[in-house]
Amino acid sequence: MNDPNFKQELTGVFGQPVAENPSQPMVEAAYRHHGLPWRYLTLEVAPADLAAAVRGARAMGFRGFNCTQPHKLAVIPHLDGLGESAALMGAVNCVVRRGDRLIGENTDGKGFLQALQGVADPTGKRVVIFGAGGAARAIAVELALAGATSFIIVNRGEQRGRELVELLRTRLRVAAEGVAWSGDYTVPADVDLVVNATSIGLHPHGDACLPIDVTTLRPRMVVADVIPNPPVTGLLRAARARGCRVVDGLAMLVGQGVIGIRYWTGIEPDPGVMRRALEEIFQGSAQVVAERHPS
Ligand code: NDP
């Protein structure tokens, strides 16, 4: 008989507030499915305790961890290096132990890309992104790295919008313009991909659609939303009614989870298992979009 081994490999998410983050059931469903005796812990970490938490993760041999708000920028000085897109974005949402080093990666945009690629190829595409925060930056950088050629950044706050436009122009060398958002936005007819990367529509703040003129969405456009809960947002409902193909926020969440598990464990997890774990949490509403776009 083999010697018993009760030691589990540790991963998790650091955030505050973090209790509603659904990553644990999604990631642990994959660990169970693939027979890995690993754990993913949901860890409430206050900003003042972040340095101690990272030291603790090192001391306890964590294989890696996700960082969510408010730690995506603050964690960087505590790490030993950054991956390419995390360095471009200046934000980390996934820390990976490589040997003795903790390396910061950003899987938000890569997860979005993975979800999008099930529906459309971003190469040569013209993109409108609503928002200029962390999710918008991550998505814009990965789309540009994947070959999207022109961007319109529509944001409420002009300064943040300008910073993202600048990043796209100078570091990614793609065409980019900023629009200060006021009133219902008219989507230009030649746009291929429309992305909501704001927090508009997130539970429990109601079911608002973005301030856009939905009659300017055309059937040939792909419309994506980062909001995972509820998975069917007002924007996606309007887009489907206009005949557009859609990508929901659950697909992005699953996509970034798949990449994190791949980084930490080296295995290729089954995205269907992960999506079903999330659908159980968010109940029947997820199915409506999932049926059209299995991740
Ligand atoms: P940030 O706080 O960094 O950015 C929020 C963005 O939303 C800003 O551009 C902000 O504009 C805009 N915004 C917020 N409220 C409004 C409003 N009422 N009207 C117009 N614009 C508004 O957040 P993140 O970028 O980190 O996250 C954004 C969303 O993305 C969250 O809901 C999060 O849940 C989701 N997300 C989903 C992921 C997934 O895997 N599905 C992964 C990561 C994030 P301004 O600059 O003017 O304040």
**Asked** What's the FRET efficiency of Phe6 with Gln117 using the Cβ-Cβ distance as r and R₀ = 45 Å, to the nearest 0.05?
**Response** 0.65
**Request:** Give the peptides 114-122, 43-51 in descending order of average Cβ contacts within 10 Å, highest first.
**Result:** 114-122, 43-51
**Request:** Pull out a ≥ b ≥ c, the square roots of the eigenvalues of the alpha-carbon gyration tensor of the stretch 110-250, then state rounded if a/c is under 1.5, prolate if not and a/b is larger than b/c, and oblate in the remaining case.
**Result:** rounded
**Request:** Indicate the gyration tensor shape class of the chain (rounded, prolate or oblate), computed on the Cα atoms with a ≥ b ≥ c the square roots of the eigenvalues: a/c under 1.5 is rounded; otherwise a/b larger than b/c is prolate and the rest oblate.
**Result:** prolate
**Over the chain, relative contact order from alpha-carbon pairs under 8 Å, at least 6 apart, %** = 16
**Asked** By how many nm would the segment from Asp213 to Arg32 lengthen if fully extended, with 0.36 nm per residue of separation less the alpha-carbon distance?
**Response** 60.7 nm
**Complete:** Calc'd 3J(HN,Hα), the stretch 275-283, phi into Karplus 6.51 cos²θ - 1.76 cosθ + 1.60 (θ = phi - 60°), Hz, glycine/Pro = x, comes to 5, 5, 4, 6, 4, 4, 6, 8, 6
**Prompt:** How would you order 176-183, 85-92 from highest to lowest mean count of nearby Cβ atoms within 10 Å?
**Reply:** 85-92, 176-183
**Asked** How high is the FRET efficiency from Ala48 to Arg237, r the C-beta distance, R0 41 Å, rounded to 0.05?
**Response** 0.50
**Charge dipole (the stretch 110-250, unit charges on Cβ, about Cα centre) - positive-most of Ala136, Val174, Leu193** = Val174
**Complete:** In order over the stretch 143-151: 3J(HN,Hα) from phi, Karplus 6.51/-1.76/1.60, θ = phi - 60°, whole Hz, x for each Gly or Pro, gives 5, 5, 4, 8, x, 5, 10, 8, 10
**Asked** Dipole size in debye (nearest 20) for the stretch 1-146 around its Cα centre, Lys and Arg Cβ +1, Asp and Glu Cβ -1?
**Response** 140
**Request:** Send over a whole-number figure in Å² for the accessible area per residue of the stretch 110-250, probe 1.4 Å.
**Result:** 40
**Asked** Straight-line reach from Lys125: which aspartates and glutamates have a Cα under 12 Å away, not including same-chain ones fewer than 8 places off?
**Response** Asp190, Asp192
**Request:** Quote the relative contact order of the stretch 110-250 in percent (integer), defining contacts as alpha-carbon pairs under 8 Å separated by 6+ residues.
**Result:** 21
**Electrostatic dipole magnitude of the stretch 110-250 [Cβ: Lys, Arg +1; Asp, Glu -1; Cα centre; debye, to 20]** = 220
**Asked** If the cut-off is a Cα-Cα distance under 17 Å, which lysines reach Lys72, setting aside same-chain residues fewer than 8 apart in sequence?
**Response** Lys110
**Request:** Pop the C-beta distance of Ser199 and Ala74 into the FRET formula with R0 = 25 Å and round what comes out to the nearest 0.05.
**Result:** 0.80
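Quote the charge dipole size of the chain about the Cα centre in Debye, to the nearest 20; the model charges only the Cβ of Lys and Arg (+1) and of Asp and Glu (-1).
Here the chain has a charge dipole of around 380 debye.
Calculate for the chain the 222 nm mean residue ellipticity that helices alone would give, adding -39,500 (n - 2.57) per DSSP H run of length 4 or more and normalising by residue count, nearest 500 deg cm²/dmol.
When only DSSP H runs of four or more count, the value is -10500 deg cm²/dmol.
The values are calculated or read from the model by the stated rules, or taken from the named source; none is laboratory data. Since the model is a prediction, treat every value here as computed from it, not as a measurement. Every residue, glycine among them, receives a Cβ derived from its backbone with ideal geometry; neighbour counts consider all protein chains shown. These accessible areas exclude ligands, DNA and RNA; they are computed on the full protein's heavy atoms, side chains included. Shrake-Rupley method; radii C 1.70, N 1.55, O 1.52, S 1.80 Å.
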